[in-house]
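J.: Have a look at the structure that comes next, please.
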Amino acid sequence: MSSNLGSMPLRYRVTIDREQCMECERCINNCSYGVFRRDGDRILINSRKCTACHRCLAYCPRDAIMLEEQPCDYRSHPVWTRATREAIYNQARTGKIILAGMGSVANLPVIFDHLMLDACQVTTPPTDPLREPVELRTYLGKKPSHLDLCRNSNGDVELATELAPNLMVETPVMLGHMSYGAISLNAQVSMARAAKETGTYMGTGEGGLHAGLYPYQDRMIVQVASGRFGVNIDYLERGAAIEIKLGQGAKPGIGGHLTGEKVSKDVSRTRMIPEGSDAISPAPHHDIYGIEDLSQLVRAIKEATEWKKPVFAKVAAVNNTAENVAAVARSSVDAVVIDGFRGGTGAAPRVFRDHVGIPIEVAVASADRELRRQGLRNEVSLIACGSIRESADVVKAIALGADAVYIGTAALAAMGCRVCGNCYQGLCPWGIATQRPDLVERLDPDVASKQVANLIHAWTLEITELMGAAGINSIESLRGNRDRLRGYMLDENILNVLDVEPVGA
Amino acid sequence: MMAKQVTIDAKGMHYTPLNQQIRKAVEDGADEVVVQNVLGQRFIGDGLRGNATIHVYGVAGGDLAMFMSGPTVIVHGNAEHAPGNTMDSGKVVIHGSAGDAVAHSMRGGKVFVRGNIGYRGGIHMKQYEAQRPILVVGGSARTFLGEYMAGGLLVVLGLDGAMDARGIGSGIHGGEIIIRGNVDDACLAAGAKKVPLTDEDRKRIAPVIREFAGDFGLDPEPLLNADYTRIVPASARPFAGKYTWE
């Protein structure tokens, strides 16, 4: 016996209402974790294998299955929580770093939930979006600091300033970077189709661009991360924009690691590495050891693509994000993506996921303010991400200074993901975080793309309504417009950092 | 048929117009582009396709031949930071020395440096199917040689004296590093291990050494018969034992 700890209390308990059950075995067929099996005339349950992915519940025709979280109590204790105790048991047994899937589970206040939006009443009437246009279209990229005009031979005035390439998005909601390998091709194709349909863009993640996504390449933002997986000149030229990944909110300061088990034949071709080999992304880019080097990489990419494409850089939200962003804004990039500490991931060390980084709300607000202070705000667009959960979060992020947002987990949820956090097992029964062909097949891009498009469409409608109610008829007038926010139960220090007044003020 | 040659004077020229002229020359069918008076212009041959040969006279700036796919770049002088960075195919020949991170993340083609290279040479080189990058250094290399290496071949010949790099192959999980002469165990980083160079290995690297010697007018024979240390990954999964799941 490797330890004296025995088995841990069950995380979940699954029960079947035997009165309701008609033994159709859909639960057995749907559960890729092996919770259910038939033994003679009974369906048996092994709750220990359950991840709370809800696939069985969703596909049980009789609502016969019930799931309970933490059915076994520990002695309650405010300091020695269940999570801290179970982490100790795990590490006492293994002596290893604990990895976990999806975003932070730290029970910290969400600042978005303490920001209230404004609406017009009598002194200024609201805008009715049915009658008057509310413009959500936005352009991401550099804006000139001033315009030079000249008169042509006909006497007409023309723009003499050369404009940098921008990305035009019809709605400020984009689909964030989730790589092929971390998620399935069907999941990527579904999101790519949704991006095309809704006039927005989608990130490839650092897994390269699968040929199945070529039809949507003009809607793809191709990522260059420290592992340089799948990166060559064709890849750079296919993308509508290129994003350099410098950090990730779920695990600031460390690299990534796709385990060999997930590097299938197709993933290996797309990443351009041997099948079954570990795909290791080092913590830094080894050609960026300082801020001057970032400028060199940005320009190397621009030079390779003949200055035709916007280049983004993504950083994790950390203590000195504002200074980092201001430095990045001087490196020729066209947009800076800031990923808050609640950002999702296929796998991150638990200690990083729950303890490193700062919230996106303060990171974007302080970055926007610092860029304005340094006269650099026009040099870059700001994209906020890391736990954008609903349309109100989008509006609040923009009012705090973002130009647009990326969503990740929300898009996965639109395709069925129940945020069970077991992405690393590679057995996702929804066909999202898996490469197993029979599971991937479950996710039909015709259906799932519609769901993602529906979500973006619905949020877009809500954003329009919220803006109309506030009498704001274009996204430019909302951007950085902190006067339309009020802090509710936020302390004075946070309010100062956000540059937001308290409710009632 | 005469090879079509185009000469460009890079004196005082910014890298963008310089690259535009090189690109145009190659698109217009030049087989050889001679670039004179290069003084630190970066990104020469960046993202360039085709099979032309670019001769660079002077000191090439950083990221020479980055993302390059096909052409040959011959530098008659030194090169700065990261020549062959994320290069796909083609060849880079540097008659002088080169800076840090030479052949960084290179996935195919060859980089030959007659002189020395800086720190992190061959870092994260990787291979896939027929694409197998090769970096050969005539002189010496610095610390973190072949770090995170995931594939390909890295050879250091030590023609101007023994190499004193430490931390060789930290995190190496693919490919091989072959160094002429003996390498002290203390110079190897975690994840790297020394193995004997077999006759099979020697046969395998012989054409590479002949090609290198040919490019720089060296006699290949003493190099072919020399003693070498071969360094390979101790494991293809260097981090497999570091993590457990929540």
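We did not get these values from a lab; they are worked out from the coordinates using the rules stated. Note that the coordinates shown come from a computational prediction; the quantities given were computed from them, not determined experimentally. Cβ placement follows ideal geometry from the backbone for every residue including glycine, while neighbour counts extend to all protein chains displayed.
J.: Roughly speaking, what is the stretch gain from A:Glu492 to A:Ser474, that is 0.36 nm per residue apart minus the C-alpha to C-alpha distance, in nm to one decimal?
T.: Gain on stretching A:Glu492 to A:Ser474: 3.5 nm.
J.: Rounded to the nearest 20 Debye, what is the dipole magnitude of the protein assembly as shown about its Cα centre when Lys and Arg each give +1 and Asp and Glu each give -1 at the C-beta?
T.: 1600 debye
J.: Let me ask another. Going by alpha carbons, how many degrees (0 to 90, nearest 10) lie between the helix axis of B:15-27 and the longest principal axis of chain B?
T.: Result, in degrees: 80.
J.: Once both labels are modelled 7 Å past Cα along the beta-carbon direction, what's the B:Ser235-A:Leu130 spacing in nm?
T.: Reported label-point gap for B:Ser235 and A:Leu130 is 6.6 nm.
J.: To continue, here is another question. May I ask you to list the residues of segment A:358-398 whose amide nitrogen lies under 20 Å from a point 7 Å from Cα along the Cα→beta-carbon direction of A:Glu323?
T.: Zone members listed by number: A:358-360, A:362-377.
J.: Quick check: the distance between the Cα centres of segment B:209-246 and segment A:348-401, to the nearest angstrom?
T.: Using only Cα atoms, the two centres lie 44 Å from each other.
J.: Given the C-alpha centroids of segment A:304-330 and segment A:414-481, what is the distance between them in whole angstrom?
T.: What the calculation gives is 25 Å, centre to centre.
J.: Continuing with this model, one more query. Rounded to the nearest 500, what is chain B's calculated 222 nm mean residue ellipticity when only DSSP H runs of at least 4 contribute -39500 (n - 2.57) each, over all residues?
T.: -4500 deg cm²/dmol
J.: Go through A:Lys245/A:Lys308; A:Lys309/B:Lys242; A:Lys49/A:Lys450; B:Lys4/B:Lys110; A:Lys251/A:Lys396 and tell me which ones have a Cα-Cα distance over 29 Å in this structure.
T.: Pairs exceeding the cut-off: A:Lys309/B:Lys242; A:Lys49/A:Lys450.
J.: Loop-only GluC sites (Glu not before Pro) in segment A:409-480, please: DSSP not H, G, I, E or B, and at most 15 other Cβ atoms within 10 Å.
T.: A:Glu441
J.: Can you list residues from other chains, or at least 5 along the same chain, whose modelled amide H is less than 5 Å from the amide H of B:Val93?
T.: B:Val73, B:Ile74, B:Val75, B:Phe112
J.: Below 17 Å, Cα to Cα, which aspartates and glutamates can B:Lys24 reach? Residues fewer than 8 away in the same chain don't count.
T.: Partners found: A:Glu303, A:Glu306, B:Asp9, B:Glu32, B:Asp46.
J.: Ok, one more. Counting other Cβ atoms within 10 Å, keep those with at most 15, restrict to DSSP loop, and tell me which GluC sites (Glu not before Pro) in segment A:88-180 are left.
T.: Taking segment A:88-180 and a limit of 15 other Cβ atoms within 10 Å, the loop GluC sites (Glu not before Pro) found are A:Glu162, A:Glu170.
J.: Counting only helical runs of four or more DSSP H residues, what would the 222 nm mean residue ellipticity of chain A come to if each run contributes -39,500 (n - 2.57) and the total is spread over all its residues?
T.: -8500 deg cm²/dmol
J.: Also, I was wondering about something else. Using DSSP to define loop residues, name the chymotrypsin sites (Phe, Trp or Tyr not before Pro) in segment A:408-505 whose beta-carbon has at most 13 other beta-carbon atoms within 10 Å.
T.: For chymotrypsin sites (Phe, Trp or Tyr not before Pro) across segment A:408-505 that sit outside H, G, I, E and B with at most 13 neighbouring Cβ atoms in 10 Å, the list reads A:Tyr488.
J.: Can you give the FRET efficiency for B:Lys4 and B:Glu129, using 1/(1 + (r/R0)^6), R0 = 30 Å, r = Cβ-Cβ distance, to the nearest 0.05?
T.: Result of the calculation: an efficiency of 0.35.
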